[in-house]
1. Of all the residues that make up region A:308-332, how many are surrounded by fewer than 21 Cβ atoms within 10 Å (Cβ to Cβ) and within 22 Å of A:ASN296 (Cβ to Cβ)?
2. Which of the residues belonging to region B:187-204 are surrounded by 19 or more Cβ atoms within 10 Å (Cβ to Cβ) and either assigned to a helix (DSSP H, G or I) or hydroxyl-bearing (Ser, Thr, Tyr) (or both)?
3. Being hydrophobic (A, V, I, L, M, F, W, C) and modelled with pLDDT under 95 narrows it down to one of A:MET277, A:MET295, A:MET228, so name that one.
4. Pick from A:THR43, A:THR141: which is farther than 26 Å from A:VAL369 by Cβ, more than 14 Å from chain B (Cβ to nearest Cβ) and surrounded by fewer than 19 Cβ atoms within 10 Å (Cβ to Cβ)?
5. Among the residues of region A:122-136, how many are surrounded by fewer than 24 Cβ atoms within 10 Å (Cβ to Cβ) and either aliphatic (A, V, I, L, M) or free of Cβ contacts under 8 Å to residues at least 40 places away in the same chain (or both)?
6. Among residues belonging to region A:205-236 that are over 24 Å from the mean Cα position of the chain (by Cα) and among the acidic types (Asp, Glu), point out the one that is farthest from A:GLU180 (Cα to Cα).
7. Can you name the number of the only condition in (1) under 16 Å from the mean Cα position of the chain (by Cα); (2) in contact (Cβ under 8 Å) with a residue 40 or more places away in the chain; (3) closer than 24 Å to A:THR61 by Cα that A:ILE335 fails?
8. Which is modelled with pLDDT of 95 or more, surrounded by fewer than 21 Cβ atoms within 10 Å (Cβ to Cβ), touching a Gly at 6+ places or on another chain (Cβ under 8 Å) and assigned to a helix (DSSP H, G or I), of A:LYS346, A:LYS368?
Amino acid sequence: MKIISVRAIPLKIPVSKSYVWSHGKVDFFTNVLIQIECDERITGYGESDIIFGVSQESPETIVQIVEKYMAPAIIGRDAFDIENILEVMDEKIKGNYSAKSGVEFALWDMKGKYLKQPVYNLLGGRYRDRVEVDYTIGIDTPQAMAQTAKRMLDYGYRTFVVKVGRDVESDVERVGRVREAVGPSTKVRVDVNEGYTVEKAIKAIKRFEKYEPELVEQPVARWDIKGMARVSRAVDTPISADESNSSPQAAFQLIENEAVDALNIKLPYHGGLWNSMKVASLAESAGIPIIIGGMNHFEVGRQANRHFAVSVRMAHSGYAHEGPGPASQSLMDNITKKVVTYDDVKSQGGYVLPGDGHGLSFELDEEKVRKYSQEIRI
Amino acid sequence: MKPENLSFGRVDRVQYVIVRVLAGDLDGWGEAATLQGPTWSEESQESIHSVIENYLSKIVEKQDTRDYYKILRLMDQRVRGNSFAKAALEMALIDAYCKELHIPVCAIWGSFRSSVPLSWTIANNDEDLDADEASQMVKKGWKILKVKVGSLPVETDLKRIKRIREAVGDEVSLRVDANQGWRYDQALSIIHELNKLKVDLLEQPLPKQDLQGMSLIASNSEVPIMADESVTELRDAVGLICCRGSSVFSYKLTKMGGLTKARSIYEVAFAHGISSYVGCMIETSVGTAAYLHFAASLPELEYGCELFGPLRLHGDVAKKPVAYGQGEVFVPKGEGLGVDVDQKKLSKFVDQ
């Protein structure tokens, strides 16, 4: 299964309603579709995902890194040799994990198609059949956020993520109103996205506690691991790390410093499925549950999350996962023939299925790829 | 350029992004150099170019160069990381700003020296070639040599260092740079040998994130440990200082995100007794000039610099390249960076 070509296709799809969070406003998703061909006439697809405001990478840098540096480094190699290819990529290319993850997803997709198996069967098999998902509510007025929660409750969601990061007073109201709207048996999670200082975080979280948040995510700046440990010690609510968990090395430091009670793993931060498996093993050895976080993925990236989430033991510690769910930011369209929708979540009672097709279990809609590749010029 | 064998591979070509800022009727020039792609850090010529063109230039346009500190803040708010791209643009802004004030860039802080002692890098990965080159350079008047290691077995690297020391005698300052290429046990096994060979600096022995390892090596080593890849941001510097991971910092404007940020790191390090060295990414005369103005303005610069880019490269973009003496390099005089770009030379090196 020798790799013969690697292509990077940037795509841009708008959202119907702007999504606001502590890092800014999202009006569209721009990700890069990775297409790898091998000499067995199999094409594998992956997706390199970024978040403006968080990622150092951009669609422009991903296209160039993949086509100019990764392609020559891996063409001619056997697509089965993922561990080896990851090392080759790391030797030639520092960082750029999102670019690497798209390539890595495509290799798994190809491997699965060749073996006629879904990728989860290559990652240890299914630990669970389906993945519990949550719904993320972007920053808005507390009333509007409560309304969204109420509306989405009807779709079977049993966990909501409340985005905060403004002043403590209004953030407390955001959490309170959402709790009021969803009732006591639904889980409410708070995500600060680095929006607080250590002191502000402690103050705010102590006030959130009245509304029993399941956990509070990334209360302080990504680099402030000691500060996160301080917050973690000062409050009763579990603290999870997201932006801080930006590489396998970072995961190790978070655990070592006892800064977290849960780790949010975003596959693109770690360079794909295999490295994320290693992070999950670190978490397992420390007894720390993981959450599969979402980015502004299209469906290809979401499928990778779903396959990962069903096969990793530490992803099933009672936490719902954002990454495998449908994009909660009203993405207008997608790039696969079938897309998991809110109605699918509803029919599964708050869960999603990874599908059982070969590889990452999706069929690409080439017409849409063509259409949305014309929305972005690089 | 004259090739270098580094821990991550052989480099025989440097890729540049040259930035020109137009401000009123003045212009300013900046530069970011990368070693054949994203090998040293995650940035590459392509990423620097596209981040400047697509994102940073939009932030800078219509701003006043006098507000360069504010511009830096805006760049940091809107673009994460990408320190090489930001540094190149900041260089150009400060060049234009200083031209407007009719002062050299080093005059922002004041100048402490008009020339800087210069280190030459030996990186042939071959005992004989290394020893020959070392003695030739010393004959030419060089007093500082730096040996690149980390891609060969540790014993082989140690032999290379021994041969060089034998070839040049004890008077020459000899340094060793592993560019993150060693594991902890490898570094530990060699530091006492390095001390016996009177090596006066060991640079970045371990992977950049391994502060604990650096700190253990540093506490076991009579040879001062210098941090390079490990210190790119002020926060890294604070981390290193707190864990005593190194006693010398290597300053590079691009990895640190520009003159202003490098200076902030220096102030904190200086206050904590950390010594200084100015490294390079093998810049042309444009980037080298910026590094030199930075070097000129440091109150203490104990270990000199390695700003040999224009000597090592087979070409330059400056009308009048940076001037060198015997084992030293001169800080350009004149306004701004003090280097004029020759647009004809520049166009010769532009690849589409």
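1. 3
2. Result: B:ALA187, B:ILE190, B:ILE191, B:LEU194.
3. A:MET295
4. After ruling out the rest, the residue left standing is A:THR141.
5. Final tally of qualifying residues: 2.
6. Restricting to residues being over 24 Å from the mean Cα position of the chain (by Cα) and among the acidic types (Asp, Glu), the top hit is A:ASP236.
7. Unmet condition: (1).
8. A:LYS346
The values are calculated or read from the model by the stated rules, or taken from the named source; none is laboratory data. In this text the structure is predicted, and so the values were computed from the model without any measurement. Please note: Cβ atoms are built from the backbone with ideal geometry, for glycine as well, and neighbour counts cover all protein chains shown.
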